[in-house]
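Participant: Structure incoming, see below.
Readers should treat all values here as calculations from the given coordinates under stated rules, not as data from a laboratory. These figures come from a predicted structure and were not determined experimentally. Virtual Cβ from ideal backbone geometry, glycine too; neighbours counted across all protein chains shown.
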Amino acid sequence: MQRSCKFLLNFNPVPTRCCSGYVSRMRHLMKIKEDDEACREALKCGSFLLYHKLAPLLKKTNSGLYKLASLKTSDLEQILKKVGKDKHFVNEAVLLGCTDKGIPQFSLEMGDIDHSVLEQQCGGVFVNLRKAFFMLSGSDAPLVAKGQAVLRWHQTNGFCSATGQPTIRNQSGSLRICQSSGITYYPKMAPVVIVLVSDGSRCLLGRQSMFPAGMYSALAGFCDMGESVEEALHREVAEEVGLEVETLRYSGSQHWPFPQSSFMIACHATVNPDKTQVSIDKAELEDACWFTVEEVTEALQMKKPPRNPKGEPPVFWVPPSYAIANQLIQEWANQQQLKRQ
């Protein structure tokens, strides 16, 4: 059925790159990804992110902040030797990308080695990924998310879904093949719509019971098979809060590693300001509330999750800056401030 709602495409353009440098880097990366021998050579001069049971290794800087711990091949081989691992264990790493200088980047799961011994040898600490997001900044957060996502995919796709036979990976880890059937498997993400609903002067945020105390976010849900983005957004808002969307505007997209590698498609939506009575589906949400721009602005200014004294009610806060939900909320707040000028 055709909807009367307008879906306004407002794509944010990709920043202009130096074409020759970017193209050569991407072709260099493709060579490593598809050519096993080229990948083996890249492993000899790569940069490695280490994980222990999918928790990334972080290092504390002199300023007290945390950053990803990145190791050179020679350093990693020395650590492997000290913990009783053959240096060829490096070949178990999976390719993530390459730096602006063309240095290949890999992630490596170290799960069968005592994590405390590894931390001592590496001078870092393994941190749960959800917690790490609040500790990292800049490009570190998306890189560590990608590293974990690819490693998890390999852990859960060791067998062919058609034959039940083991699958084998290529050297870079960009695919797995069932030798029995010839089926090739590639890492996948599940499409998820995430939408910030507004009535023109307020925005609607919800929380699930699994959220940290006081945190509210934009509404989100998985796309059903055969749905368009527009249909999924209309359905999710109707199901979760009982409101009918009038207009939609695309904002951006993001890989999100939870729960099992999601592809977040972010949009703004408006509803009739005379029809804002929320009817919450308690199976989906614990709560949903309308918030003013003043409340949202104060929450956005928090640099880290608040600590509530025992017995005190939770302080309202929003997802961290890396999350695309934060981007949606920030965009809406900026728009509200412009309307008041």
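Participant: Would you work out the charge dipole size for the chain about its Cα centre, treating the Cβ of every Lys and Arg as +1 and the Cβ of every Asp and Glu as -1, and quote it to the nearest 20 debye?
Facilitator: 1260
Participant: Arranged from highest to lowest average of other beta-carbon atoms within 10 Å per residue, in what order do the peptides 121-127, 44-50, 257-263 appear?
Facilitator: 44-50, 121-127, 257-263
Participant: Which Cα, out of GLY173, LEU248, VAL23, lies furthest along the positive dipole direction of the chain (beta carbon charges, K/R +1, D/E -1)?
Facilitator: Ranked along the dipole, the leading option is VAL23.
Participant: Which residues in the range 67-86 place their backbone N less than 20 Å from a point set 7 Å from the Cα of GLU41 along the Cα-to-Cβ direction?
Facilitator: Output list for this probe position: 73-74.
Participant: Separate question: Please report, in whole Å³, the volume per residue of the convex hull around the C-alpha atoms of the range 19-156.
Facilitator: 119
Participant: Using the 10 angstrom Cβ neighbour count as an exposure proxy, how do ILE280, ILE113 rank, fewest first?
Facilitator: Details: ILE280 15, ILE113 18.
With the sparsest Cβ surroundings first, the list reads ILE280, ILE113.
Participant: Exceeding 29 Å between C-alpha atoms, which entries from my cross-link table qualify? They are LYS188/LYS339; LYS85/LYS304; LYS85/LYS146. Show your work: numbers first, answer last.
Facilitator: Values: LYS188/LYS339 40 Å; LYS85/LYS304 38 Å; LYS85/LYS146 25 Å.
In this structure, LYS188/LYS339; LYS85/LYS304 lie more than 29 Å apart at Cα.
Participant: Please work out the Cα center distance from the range 268-341 to the range 157-195, rounded to the nearest Å.
Facilitator: Result: 38 Å between the Cα centres.
Participant: Let me ask something additional. For the chain, find the longest principal axis of its Cα atoms and tell me its angle to the long axis of helix 19-34, 0 to 90°, nearest 10.
Facilitator: That works out to roughly 60 degrees.
Participant: About the Cα centre of the range 189-340, what is the dipole size in debye to 20, counting +1 per Lys and Arg Cβ and -1 per Asp and Glu Cβ, all else neutral? Could you put the intermediate results ahead of the total?
Facilitator: Working: 12 positive and 20 negative charges, 154 e Å.
My answer is approximately 740 debye.
Participant: A follow-up question, please. If I fit a long axis through the Cα atoms of helix 229-241 and take the longest principal axis of the Cα atoms of the chain, what angle between them do I get, 0 to 90°, rounded to 10?
Facilitator: That works out to roughly 60 degrees.
Participant: Using the alpha-carbon centroid of each, what span in Å lies between the range 208-264 and the range 27-74?
Facilitator: About 32 Å separates the Cα centre of the range 208-264 from the one of the range 27-74.
Participant: Also, quick follow-up: Show which aspartates and glutamates lie in cross-link reach of LYS131 when reach means a straight Cα distance below 16 angstrom and same-chain residues fewer than eight apart are skipped.
Facilitator: Partners found: ASP140.
Participant: Net charge within 13 Å of GLU286 by Cβ-Cβ distance, Lys/Arg positive one each and Asp/Glu negative one each, not counting GLU286 itself?
Facilitator: So the environment of GLU286 carries a net charge of -2.
Participant: With only Lys, Arg, Asp and Glu charged, each at its Cβ (+1 for the first two, -1 for the last two), find how big the charge dipole of the range 44-189 is about the Cα centre; round to the nearest 20 debye.
Facilitator: Around 200 debye, computed over the range 44-189.
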